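Below is one structure, written out as structure tokens; the observations come after it.
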Amino acid sequence: MAEETPESRLSKNVVIAYDGSEHAKNAVKFYAEKLHMPGDHVFLVYSVEVSDVIQQAPFSMDPEVFKDLVQKEVKRIQGELIEFAKYLRAMKLEGTVKSTHAQKPGEGILNIAKEVNASLIITGSRGQSKLRRTFLGSVSDYVMHHSPVPVLVCRREN
């Protein structure tokens with residue numbers, strides 16, 4: 001059997017859940033230093049929870065005011081994506097930055113993973129207690145339990 005070399009192996013699409021936090025940066029760093037192979041394509045995925053935008057809006061809001069609120073959120077997200085792309089380049093990774101909206105951030109991450117035919121999903125972990133995860137849920141927990149592809153959860157650095 002021939003030995004596999006980086007040139008002979010198939011490249012893979014890797015989705016990394018990313019929100020700019022130290023936990024997410026740690027996940028990217030771990031991937032870049034330990035797992036990345038030439039030819040791999042990274043998708044940094046920023047999944048915005050739909051309720052985050054809606055909760056900012058009073059129930060009886062004028063449609064124009066709501067439209068302005070949504071436009072401000074879109075501009076904020078675009079600014080975040082630019083910073084995320086800079087971080088991806090700084091880590092010397094070939095990739096794409098994508099954003100998505102979903103009821104739960106984990107759903108958005110899984111939707112993008114399916115869209116790009118990811119072979120691996122990587123997420124950081126905030127290290128929540130079991131009680132907090134039980135009541136509030138965690139993105140990494142959701143992704144682990146619903147993903148059809150392998151998931152790597154990177155714990156925080158000590």
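The values are calculated or read from the model by the stated rules, or taken from the named source; none is laboratory data. No experiment lies behind these values; they were computed from the predicted model shown. Here Cβ is always computed from backbone atoms with ideal geometry, including for glycine, and neighbour counts include all displayed protein chains.
Annotations for the structure displayed:
- Of everything in segment 63-87 that is among the aromatic types (Phe, Trp, Tyr) and under 15 Å from the mean Cα position of the chain (by Cα), the residue that is surrounded by the most Cβ atoms within 10 Å (Cβ to Cβ) is Phe84.
- Residue count for segment 47-87 under the criterion of being over 26 Å from Ile16 (Cα atoms), modelled with pLDDT under 65 and not hydrophobic (A, V, I, L, M, F, W, C): the result is 4.
- Candidates Ala118, Ala27, Ala102: the one that is surrounded by 15 or more Cβ atoms within 10 Å (Cβ to Cβ) and at pLDDT 95 or above is Ala118.
- Inter-residue pairs, beta-carbon under 7 Å, first more than 16 Å from Ile112 (Cβ to Cβ) and among the acidic types (Asp, Glu) and in segment 138-158, second assigned to a helix (DSSP H, G or I) and modelled with pLDDT under 95, 6+ apart: Asp141/Arg133; Glu157/Asn26
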